[in-house]
Amino acid sequence: MGNPTDPATDMGSLISLTHRSRVAEVVDRARESGARIHCGGTIPTTNHLGEALPGNTESTAYYAPTLISGIDTDAEVWREEIFGPVLVALAFDTDDEAIELANDTPYGLAASAWTTTTNRTMRAAADIEAGCVWINEHIPIVSDMPHGGYKASGFGKDMSQYSFDEYTQVKHVFIDQHEDPHHEWQDTIFTS
């Protein structure tokens, strides 16, 4: 954690103090409802090496990476997009349950699944309802592949050749060019 212009920095601050307060409040409410905070859940003043972060807690929006467990699936920290360094872990007993948990959200921008079993890899990739599913990785984005969400995380794609569809209006036009009712229709597709 540190100054984003420093090559040694892996994580900068959040976008604003207001947003940092929102993230902290969500984590605090989870803690108050009985969730277990394994790490983080604080506004840090130093990085992991004990070095002072740039600025101070009143002028920079750093928030410690946070891992939470022990919540119900109706908890705010599980249901809402936080847009902060907060990860919620839920245990599952079967792959069916894991897929159900992954899809039990109105959102679907991205997901990751972690496994060493090829069949589980393929099942996760096919069954998780997200615009991008990473296996044993999280966040790599390449410009020649589409990026965009499912459900309330949006529609359409940016990046890759699929993004051109967002700038195209497709119209299917049927034209009967003859008065003969037995003559076939001509189909035309226009794009602009």
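The values are calculated or read from the model by the stated rules, or taken from the named source; none is laboratory data. It should be emphasised that the depicted structure is a prediction, and the values quoted were computed from it without experimental measurement. Please note: Cβ atoms are built from the backbone with ideal geometry, for glycine as well, and neighbour counts cover all protein chains shown. Please note that ligands, DNA and RNA were not included when accessible areas were found on the heavy atoms of the full protein model with its side chains. Shrake-Rupley method; radii C 1.70, N 1.55, O 1.52, S 1.80 Å.
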Q) Just checking, how many residues over the range 12-38 are open to solvent by less than 50 Å² (accessible area, probe 1.4 Å) and in a loop (DSSP other than H, G, I, E, B)? A) 4
Q: Identify the residue in the range 150-192 that is among the small types (Gly, Ala, Ser), modelled with pLDDT under 85 and on the phi < 0 side of the Ramachandran plot and, among all such residues, is most open to solvent (accessible area, probe 1.4 Å).
A: 192
**Q.** Hey, residue 124 in a helix (DSSP H, G or I) and open to solvent by less than 30 Å² (accessible area, probe 1.4 Å) or not
**A.** yes
**Q.** Cβ-Cβ under 7 Å pairs, at least 6 apart or on other chains, the range 90-119 side in contact (Cβ under 8 Å) with a residue 40 or more places away in the chain and open to solvent by 50 Å² or more (accessible area, probe 1.4 Å), far side assigned to a loop (DSSP other than H, G, I, E, B) and of a type in the set (Asp, Glu)
**A.** 107/81
Q: Being among the charged types (D, E, K, R) and either modelled with pLDDT of 95 or more or not in a loop (DSSP other than H, G, I, E, B) (or both) is the filter; apply it to the range 75-88 and report the residue that is nearest to the chain's Cα centre (by Cα).
A: 79
Q. Could we say that residue 41 is modelled with pLDDT of 95 or more, in contact with a strand residue (DSSP E or B) (Cβ under 7 Å, 6 or more places away or on another chain), more than 25 Å from residue 108 (Cβ to Cβ) and assigned to a loop (DSSP other than H, G, I, E, B) here?
A. yes
(Q) free of Cβ contacts under 8 Å to residues at least 40 places away in the same chain and exposed (fewer than 13 other Cβ atoms within 10 Å of the Cβ): which single residue out of 87, 49, 67 fits that description? (A) 49
